[in-house]
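Right, one structure below, let's go through it.
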Amino acid sequence: MTTFDDRERGFENKFAHDQEMLFRITARRDRLVGEWAAKLMSLTPAETDSYAKGIVQADFEVAGDDDIVRKLLGDLTSAGVDIDESRIRQVIEDKLVDARRQLLEAK
């Protein structure tokens with residue numbers, strides 16, 4: 001093996017690790033957002049768990065956050081919660097910070 005091959009393997013491993021961490025952070029963020037929305041809708045603990053899992057799954061539909069923003073806006077509006085898209089996007093950003101912090105503290 002040459003030094004170049006070692007460096008290349010190192011970069012590939014770092015990329016794979018970074019992608020895995022990004023996936024875990026995003027999934028944690030989506031769960032936290034789902035729990036936040038469930039609280040606003042006054043869901044039971046069992047319903048909250050199910051709803052949060054649904055938000056995580058909804059994020060797989062389309063790249064980016066638009067799919068979960070649409071789902072949250074529709075669900076919250078249907079539940080009679082007065083909220084707008086900009087507030088939901090702000091919560092998503094806030095929960096991203098929380099998710100990253102939680103995963104780093106768990107290490």
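The values are calculated or read from the model by the stated rules, or taken from the named source; none is laboratory data. What you are looking at is a predicted structure, and each value in this text was computed from that prediction instead of being measured. Cβ coordinates were reconstructed from backbone atoms using ideal geometry, including for glycine residues, and neighbour counts include every protein chain displayed.
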- Message: Take GLU12 and tell me if it is charged (D, E, K, R), surrounded by 10 or more Cβ atoms within 10 Å (Cβ to Cβ), without any contact (Cβ under 8 Å) to a residue 60 or more places away in the chain and assigned to a helix (DSSP H, G or I).
- Response: yes
- Message: I want to confirm something. Restricting to region 35-64 and keeping residues that are at pLDDT 90 or above and under 9 Å from the mean Cα position of the chain (by Cα), which single residue is nearest to GLN102 (Cα to Cα)?
- Response: VAL56
